[in-house]
Structure formats: structure tokens, C-alpha cells
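> Below you'll find the structure I mean.
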Amino acid sequence: MIRLSTAISLFLFILVSCKSTNMEPESPNGRIKFEIRNEKEDLSYAIFLDDELMLLPSSFEFQFRNQPPFSGEMELELISEGEVDETWEPLWGKSDRIQNNYREYVYRLAEAEPVDGESSRYLEWEIRIFNDGVAFRYRFPEESGFDQFKITEELTGFYLDPSH
């Protein structure tokens, strides 16, 4: 009986101490949600405000000179998340203090299938969600498998709901 209770206690301790990862990024106040969809050989994202769809599912693709495009089915991994809440004073302007408050999520997007038998290429997708908007950017680490490259087309879609 003591072994069973010890095992249960150990299991609960491990369960509680594990860090959960948020695969549905949201703003600090929870009103804006950034939904990532990875289905049917297509990675896309959508944005909701108060559970109302504001940005329809939108995809992205990078085309390169002398390399195959970076698009289609992706492996998605959350590599970091955090929150920033700071105030700073501008040198001029209407406001004496400006609050910078957002949640940041960094995902690693890797090709599901290696290109031309090589290792999979990847990039880092940094998403910042503020209480009044969303921003994101892509980073190509040196070891990402792209080697030297020239982007010929960056096809990030922003499909707005026409009813808004």
C-alpha cells in the first residue's frame, strides 16, 4: 500500500512539474488568439478576436533561387514562449510613457520530407501577440540547412474576412 501511494505521489509530482506548451498562442488579455493549423500538407494560421474569426486561414511559402520552395507539410515545434510587460519613455510625442506588453512564441518549422535526399531545412517563426494586434517574423539560423540563399518570392498570405 505504501508503494502504491508513493508511486501515485511521484506521478502527480512529475505531472505538476512538467511545463505545458501553448500551441494556441494568445494575447496577454486573452482576447486575441493565433491559431496554427498544420493539416493536409499545408501550414496556415488564422487570427481570432473574442472568438470571432478576423483573419481567414492564411498560408505562406518562400521561393528561392536555385533551391526548391519552402512550403507544404511542416513539422511544428514550440521552442520558446514568454511574456514581456515593460514601460518606456519616448523622447517626444503625445505620451509620457508607453507600455510594451505582449506574449512571444517561437516555433521551429521544418520540412516534413527532406529535399533531394538532404537533411530537412527549417526556419524559426517568431510570433508576438499584443492586446491590440499581432506581429510575426521569420528567422533563418545559420545551421538551418538553407546554406547560402536568395529569396525570390515571400508569399505570406493575409486573407481578411470581407465582412469586416
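> In segment 63-164, with Lys and Arg counted as +1 and Asp and Glu as -1 at Cβ, which of these residues, V134, L91, G157, has the Cα nearest the positive end of the dipole, that is, farthest along it?
L91
> Pop a pseudo-label 7 angstrom from the Cα along the beta-carbon direction at both D50 and N131 and give the gap in nm to one decimal.
Going by the 7 Å Cα→Cβ label model, 1.5 nm.
> Please compute the net charge surrounding E61, taking Lys and Arg as +1 and Asp and Glu as -1 over other residues with Cβ under 9 Å from its Cβ.
With Lys, Arg at +1 and Asp, Glu at -1, the neighbours total -2.
> Right, another one. P28: net charge of surrounding residues, Cβ under 13 Å, Lys/Arg +1, Asp/Glu -1, itself excluded?
Working: positive: R31, K33, R103, R128; negative: E26, E81, E83, D85, E86, E104, D132.
Residues close to P28 contribute a combined charge of -3.
> At 1.4 Å probe size, with the rest of the protein present, what percent of the exposed accessible area of segment 39-160 is carbon and sulfur atoms? Intermediate values should be presented prior to the final figure.
Details: 3450 of 7840 Å².
The computed percentage sits at 44.
> Counting Lys and Arg as +1 and Asp and Glu as -1, what is the net charge of the other residues whose Cβ lies under 13 Å from the Cβ of D51? Walk me through the numbers before you get to the answer.
Working: positive: R31, K33; negative: E24, E26, E35, D50, E52.
That works out to -3.
> So what is the relative contact order of segment 81-143, in percent, for Cα pairs below 8 Å that sit 6 or more residues apart? Each step should come with its number before you reach the end.
Working: 105 pairs, mean separation 15.6, N = 63.
Answer for segment 81-143 is 25 percent.
> About the Cα centre of segment 40-122, how large is the charge dipole given +1 on each Lys and Arg Cβ and -1 on each Asp and Glu Cβ? Please answer in debye to the nearest 20. Mind dumping the intermediate values first?
Values: 7 positive and 20 negative charges, 79 e Å.
Using Cβ point charges on Lys, Arg, Asp and Glu, segment 40-122 gives about 380 debye.
The values are calculated or read from the model by the stated rules, or taken from the named source; none is laboratory data. No experiment lies behind these values; they were computed from the predicted model shown. When we count neighbours, we look across all protein chains shown, and the Cβ atoms used for this are built from the backbone with ideal geometry, even at glycine. Calculation scope for accessible area: heavy atoms of the full protein, side chains included, ligands and nucleic acids excluded. Shrake-Rupley method; radii C 1.70, N 1.55, O 1.52, S 1.80 Å.
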